[in-house]
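Colleague: Have a look at this one before I ask anything.
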């Protein structure tokens, strides 16, 4: 083949490569758009909304298949963490699976702002924003009571991280409606001076000793330069304020998980504190998140089932 013919052969080859490059680029761009769109709708995934403080606030509700409305059903309010969203915590915690087994409703409200969050951190949040979040949960309970037969004595709040801080705020501001709370890796930044519940609220808590986001022994973390409290001391302080004796019962160990149970006399509210040795900022027994972000997720206990067992033991006393 002559040099001229060789040169002519290269032209179509270059054109074909260019066409393929353009096609691949277009496909990559379309793929990125589709993924971004899917992520956007995943974050916004909801099947209900309530008008609260002049704003439409979305939520994701799970009603068990066994629900018939012939008798009042318990309600668990599950609160996501900072930069998380309702559907994410729904999959992470696996509350729906247990709800189908035991016949209770689970609702996953959505925080506000970007990224999504709950305004429950005392001096780190504006008071009016905190009040709006509390009002939202109260309005949500009211709306679900109109649509379903909710057992008013068995309404519980469960939260992860920032959602745990929100559950604690609800225990303070809605203690006459929230029977008990259950938290994982709670971010408790509300000052004790603001903790003035009308009744002490029972609580079950889980926290990992190697939590990289909300440190087990307090202080700032690598992501958040805020003064997190020492978690064991915080749990003891909650028990003291709930009227418990400060000589807790040690619970049987389950692998990496140990526990303390604080109890008291009449008028007190029990506090159970589970320590996950080597555990990260993750839901024990739940779906695993990337280890490089949250650390180790233990499978030694199922936090959701332990919470539900605790909840069933602590209905609202009227």
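Colleague: Among rounded, prolate and oblate, which fits region 47-312 when a ≥ b ≥ c are the square roots of the eigenvalues of its C-alpha gyration tensor, a/c under 1.5 means rounded, and a/b larger than b/c means prolate?
Modeller: Numbers: a/c = 1.28, a/b = 1.22, b/c = 1.05.
Taking the square roots of the gyration eigenvalues as a ≥ b ≥ c, region 47-312 is rounded.
Colleague: Please check: in the Gaussian network model of the chain (C-alpha springs, under 10 Å), which one of 165, 54, 243 has the largest mean-square fluctuation.
Modeller: Among 165, 54, 243, the largest mean-square fluctuation in the Gaussian network model of the chain belongs to 54.
Colleague: Related question: Sort 71, 318 by Cβ crowding within 10 Å, fewest neighbours at the top. Mind dumping the intermediate values first?
Modeller: Numbers: 71 9, 318 6.
Exposure proxy ranking, most exposed first: 318, 71.
Colleague: Continuing with this model, one more query. In nanometres, what is the gap between the two model label sites at residue 101 and residue 233, each 7 Å from Cα along Cα-to-Cβ?
Modeller: According to this spin-label approximation, the distance is 3.8 nm.
Colleague: Sticking with this one: Return a whole-number percent for the relative contact order of the chain, with Cα pairs under 8 Å and 6 or more residues apart as the contact set.
Modeller: On the way: 658 pairs, mean separation 43.2, N = 318.
Relative CO of the chain lands at 14 percent.
Colleague: Once you put a point 7 Å from the Cα of residue 114 and another 7 Å from the Cα of residue 254, both along the Cβ direction, what distance in nm separates them?
Modeller: Distance between the two pseudo-spin positions: 4.0 nm.
Colleague: Only bridges whose two residues both fall in the chain count here: according to DSSP, what percent of them are antiparallel, nearest 5? Write down the numbers at each step before the final one.
Modeller: Details: 22 of 46 bridges.
Bridges in the chain are about 50 percent antiparallel.
Colleague: Could you tell me the calculated FRET efficiency between residue 245 and residue 131, based on Cβ-Cβ distance and R0 = 22 angstrom, to the nearest 0.05? All intermediate terms of the calculation are to be shown ahead of the outcome.
Modeller: Values: r = 34 Å, r/R0 = 1.54.
Efficiency computed from Cβ-Cβ geometry: 0.05.
Colleague: Would you mind calculating the gained length between residue 149 and residue 305 on full extension (0.36 nm times residue separation, minus the Cα-Cα distance), in nm to one decimal?
Modeller: On the way: separation 156, 0.36 × 156 = 56.16 nm, distance 2.30 nm.
Taking residue 149 through residue 305 to full extension adds about 53.9 nm, to one decimal.
Colleague: What residue among 78, 120, 244 shows peak mean-square fluctuation when the chain is described by a Gaussian network model with Cα springs under 10 Å?
Modeller: 244
Colleague: Taking R0 as 41 Å, what's the FRET efficiency between residue 53 and residue 292 from their Cβ-Cβ distance, rounded to 0.05? Please list the in-between numbers first.
Modeller: Numbers: r = 38 Å, r/R0 = 0.93.
Result of the calculation: an efficiency of 0.60.
Colleague: At what distance in angstrom do the alpha carbon centres of region 283-307 and region 110-140 lie from each other?
Modeller: The two parts, judged by their Cα centres, are 26 Å apart.
Colleague: If packing is taken as the mean number of other Cβ atoms within 10 Å per residue, what is the order of 211-218, 199-206, 246-253, highest first?
Modeller: On the way: 211-218: 19.4, 199-206: 24.6, 246-253: 11.1.
The densest-packed peptide leads the list: 199-206, 211-218, 246-253.
Taken together, the values in this text are just the output of simple stated rules run on the coordinates, not laboratory data. Bear in mind the structure is a predicted one, so any value in this text is a computation, not a measurement. Positions of Cβ are backbone-derived with ideal geometry, glycine not excepted, and every protein chain shown enters the neighbour counts.
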